[in-house]
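Below: one structure, written as structure tokens.
The values are calculated or read from the model by the stated rules, or taken from the named source; none is laboratory data. On a predicted model such as this, the values are computed, not experimentally measured, just so you know. Every residue, glycine as well, gets a Cβ built from its backbone with ideal geometry; the counts of neighbours run over all protein chains shown. Note: areas computed on protein heavy atoms with side chains; ligands, DNA, RNA excluded. Shrake-Rupley method; radii C 1.70, N 1.55, O 1.52, S 1.80 Å.
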There are 4 protein chains.
Amino acid sequence: MRAELDGLFRAGTVSDLLGLTLLDWSLGRARVLLQPSPEVSNVAGSVHGGVLYTLADTAFEVACNSYGRVCVALDVTAHHASPAPLDEPVTAEAVEVSRSTRIASYRIMAAGADGILRAWYLATAYRTSRWHFGPERWPRDWRDTH
Amino acid sequence: MRAELDGLFRAGTVSDLLGLTLLDWSLGRARVLLQPSPEVSNVAGSVHGGVLYTLADTAFEVACNSYGRVCVALDVTAHHASPAPLDEPVTAEAVEVSRSTRIASYRIMAAGADGILRAWYLATAYRTSRWHFGPERWPRDWRDTH
Amino acid sequence: MRAELDGLFRAGTVSDLLGLTLLDWSLGRARVLLQPSPEVSNVAGSVHGGVLYTLADTAFEVACNSYGRVCVALDVTAHHASPAPLDEPVTAEAVEVSRSTRIASYRIMAAGADGILRAWYLATAYRTSRWHFGPERWPRDWRDTH
Amino acid sequence: MRAELDGLFRAGTVSDLLGLTLLDWSLGRARVLLQPSPEVSNVAGSVHGGVLYTLADTAFEVACNSYGRVCVALDVTAHHASPAPLDEPVTAEAVEVSRSTRIASYRIMAAGADGILRAWYLATAYRTSRWHFGPERWPRDWRDTH
């Protein structure tokens with residue numbers, strides 16, 4: 001199942017458009033890399049806040065869907081700590097903070113190559129009753145506990 | 001000054017990349033249109049949350065920079081109300097809710113062609129002491145009150 | 001049912017502690033009044049942010065539970081627009097912005113006697129499958145649509 | 001200066017009203033304890049969300065004012081992870097995540113006696129140009145860097 005989920009997570013066309021690469025993921029966790037192109041600039045000459053958000057949102061999406069259950073973003077709060085220069089990659093790491101059957105929350109940190117924080121996020125997901133590739137592909141016991 | 005600001009607001013390359021058009025703006029207010037291309041899809045087949053955010057963020061950026069003072073996004077909270085289908089335009093309208101010298105807040109509503117709400121946002125901006133095109137281009141009285 | 005819900009909404013001991021009064025409510029909407037006592041001051045001599053939040057949260061709680069379905073707060077974002085003086089009442093009005101079976105969102109505006117905005121909020125509720133006073137007290141048709 | 005700041009932080013009347021105690025604090029960090037009384041209950045019989053928020057807000061306020069610079073809450077986002085039972089203390093810890101001259105952000109975790117997360121927060125403060133007890137009480141070098 002992991003290989004199939006991995007294929008799903010890497011299929012995003014928005015990632016191609018903006019220059020995002022899924023680095024790695026495990027249960028409740030994911031890291032995504034942004035290699036900024038000149039096109040993702042804002043008027044001030046740094047990375048557009050919408051592109052940083054999409055980077056963070058992509059890490060969040062992978063982290064919350066990592067159990068196989070279909071999860072969707074509900075609320076996301078972004079805080080901008082410092083401008084992200086265009087000539088520097090940014091990595092976003094999403095980490096699960098809490099999880100119940102229906103709701104989970106994640107903290108996402110987006111930092112530059114030097115580890116300097118660019119933005120961070122508090123994100124919550126609604127965990128549906130649907131499963132990627134169909135429920136029969138996941139053991140009942142797994143579904144009951146994840 | 002309005003024509004110059006308008007040119008600045010329409011120069012964004014991220015807008016070209018994602019299919020965003022600035023519809024209209026006035027002091028503290030802006031409307032931006034998204035014409036979704038197949039590339040802005042998420043894995044579920046609707047508009048990616050990061051693209052909706054970029055739409056809202058663009059309306060927010062225009063609304064808060066509309067006075068000529070350089071403003072930057074500080075905190076943005078997104079709530080997703082319903083999936084946005086790919087075959088339907090989405091319009092985001094940013095409206096100013098509060099404003100002091102240093103901080104302003106905006107409510108942004110993103111709705112489909114039928115007026116159905118897709119997402120909404122509470123966004124706050126930090127209002128710097130810099131002015132677009134230089135402070136000398138803006139009357140002192142305007143700068144003191146905006 | 002309305003009288004019973006109204007009794008429930010007015011039973012809060014926190015409201016007594018802080019000086020909150022439920023003014024009025026209808027489906028998806030509520031208004032609550034804060035009469036500040038000297039005890040709700042912060043160190044700066046204005047109303048404590050936690051007390052303003054409790055005021056807004058109370059209006060939110062009534063608005064989202066107004067249909068009879070048991071709803072709980074999930075995510076709340078607060079923006080502080082201006083300090084609230086201690087010698088002035090504050091009214092918070094919660095208004096529903098979106099609602100599906102499981103999730104609803106509310107905008108809450110907290111303003112002084114003169115209508116000046118003190119704080120505003122984007123709040124989301126999780127709508128459980130439980131009903132106040134038991135499901136049998138609510139018509140099946142109502143439960144299916146609210 | 002530390003003793004004077006400590007006195008200021010412990011003077012809050014809202015803390016007495018709700019049962020909050022400042023446990024400890026250092027630069028950019030603070031821990032506050034809530035001993036719930038029956039009065040801080042919500043209608044569901046657990047700790048009212050407004051009281052949990054006030055607990056977190058108090059830790060946040062101490063953490064951001066810990067440098068001596070007068071700081072005020074700007075935006076706070078709360079996520080509720082699980083109900084907090086009335087018969088159990090809750091501890092909130094605020095930790096600084098980012099800080100510039102004018103803006104700082106904090107993560108606040110509120111957990112029960114058993115370490116189970118009840119709520120967590122992303123909070124941002126506006127850092128004014130004023131200093132507690134007057135600017136002349138703080139060395140110029142400290143003021144320039146904090």
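Can you pull the mean other chain C-beta count within 10 Å for peptide B:50-60? Please report the intermediate quantities before stating the final value.
Details: counts 18, 7, 5, 11, 10, 1, 2, 8, 4, 0, 2.
Across B:50-60, the average partner-chain Cβ count within 10 Å equals 6.
Summing +1 for each Lys or Arg and -1 for each Asp or Glu, what net charge is found among the other residues whose Cβ lies under 13 Å from the Cβ of D:Trp142?
Numbers: positive: D:Arg2, D:Arg69, D:Arg137, D:Arg140, D:Arg143; negative: D:Glu136, D:Asp141, D:Asp144.
Taking every other residue near D:Trp142 into account, the sum is +2.
Rolling a 1.4 angstrom probe over the protein heavy atoms, how many square angstrom per residue are accessible across region A:1-133?
Accessible area per residue: 34 Å².
Between beta-carbons, use under 13 Å as the cut-off and find the net charge around C:His48, counting Lys and Arg +1, Asp and Glu -1.
Values: positive: C:Arg118; negative: C:Glu39, D:Asp16, D:Asp57, D:Glu61.
Value of the local net charge: -3.
Report, in whole Å, the centroid distance computed from the Cα atoms of region D:36-103 and region C:105-134.
19
Of D:Trp142, D:Val62, D:Pro36, which is farthest on the positive side of the dipole of chain D, counting Cα position, with +1 on Lys and Arg Cβ, -1 on Asp and Glu Cβ, and the Cα centre as origin?
Of the candidates, D:Trp142 comes out farthest on the positive side.
Between helix B:49-65 and chain B, what is the angle of the helix's C-alpha long axis to the longest principal axis, kept within 0 to 90° and rounded to the nearest 10?
20
When chain D is modelled as a GNM with alpha-carbon springs shorter than 10 Å, which of D:Ala56, D:Ala30, D:Ala113 fluctuates the most?
Comparing D:Ala56, D:Ala30, D:Ala113 in the GNM, the peak value goes to D:Ala113.
Just check region A:1-63 against the gyration tensor rule for me: Cα atoms, a ≥ b ≥ c as the square roots of the eigenvalues, rounded for a/c under 1.5, and otherwise prolate or oblate depending on whether a/b exceeds b/c. Display every interim value, and only then the final one.
Details: a/c = 3.12, a/b = 2.18, b/c = 1.43.
In terms of gyration-tensor shape, prolate.
Of all trypsin sites (Lys or Arg not before Pro) in region D:1-31, which ones are in loop regions per DSSP and have a Cβ with at most 16 other Cβ atoms within 10 Å? Working shown, then result.
Details: sites: D:Arg2, D:Arg10, D:Arg29, D:Arg31; in loops: D:Arg10.
Hits after loop and neighbour filter: D:Arg10.
Which net charge results for the neighbourhood of C:Pro83, defined as the other residues with beta-carbon distances under 15 angstrom from its beta-carbon, given Lys and Arg at +1 and Asp and Glu at -1? Show your work: numbers first, answer last.
Working: positive: B:Arg102, C:Arg118, D:Arg130; negative: C:Asp87, C:Glu88, C:Asp114, D:Asp57, D:Glu61.
Net charge around C:Pro83: -2.
Could you check the spin-label model distance between D:Trp142 and C:Asp141? Points 7 Å from the Cα along Cα→Cβ, value in nm.
Distance between the two pseudo-spin positions: 7.1 nm.
Buried accessible area between D and C (1.4 Å probe, both chains summed, ligands and nucleic acids excluded), in Å² to the nearest 100? Don't jump to the answer; show the numbers that get you there.
Numbers: alone 7580 and 7590 Å², together 12750 Å².
Counting protein atoms only, the buried area is about 2400 Å².
Shape call for the protein assembly as shown from the C-alpha gyration tensor, a ≥ b ≥ c root eigenvalues: rounded (a/c under 1.5), prolate (a/b greater than b/c) or oblate?
Working: a/c = 1.39, a/b = 1.07, b/c = 1.30.
Note, shape of the protein assembly as shown comes out rounded.
Report, to the nearest whole %, how much of the accessible area of region C:21-146 belongs to carbon and sulfur atoms, 1.4 Å probe, protein only. Write down the numbers at each step before the final one.
Numbers: 2420 of 4580 Å².
That fraction is 53 percent.
What does the average come to when, for each residue of peptide A:113-123, you count the partner chain Cβ atoms lying within 10 Å of its Cβ? Each step should come with its number before you reach the end.
Details: counts 0, 0, 0, 1, 3, 1, 4, 5, 4, 11, 5.
Mean number of neighbouring Cβ atoms from other chains: 3.
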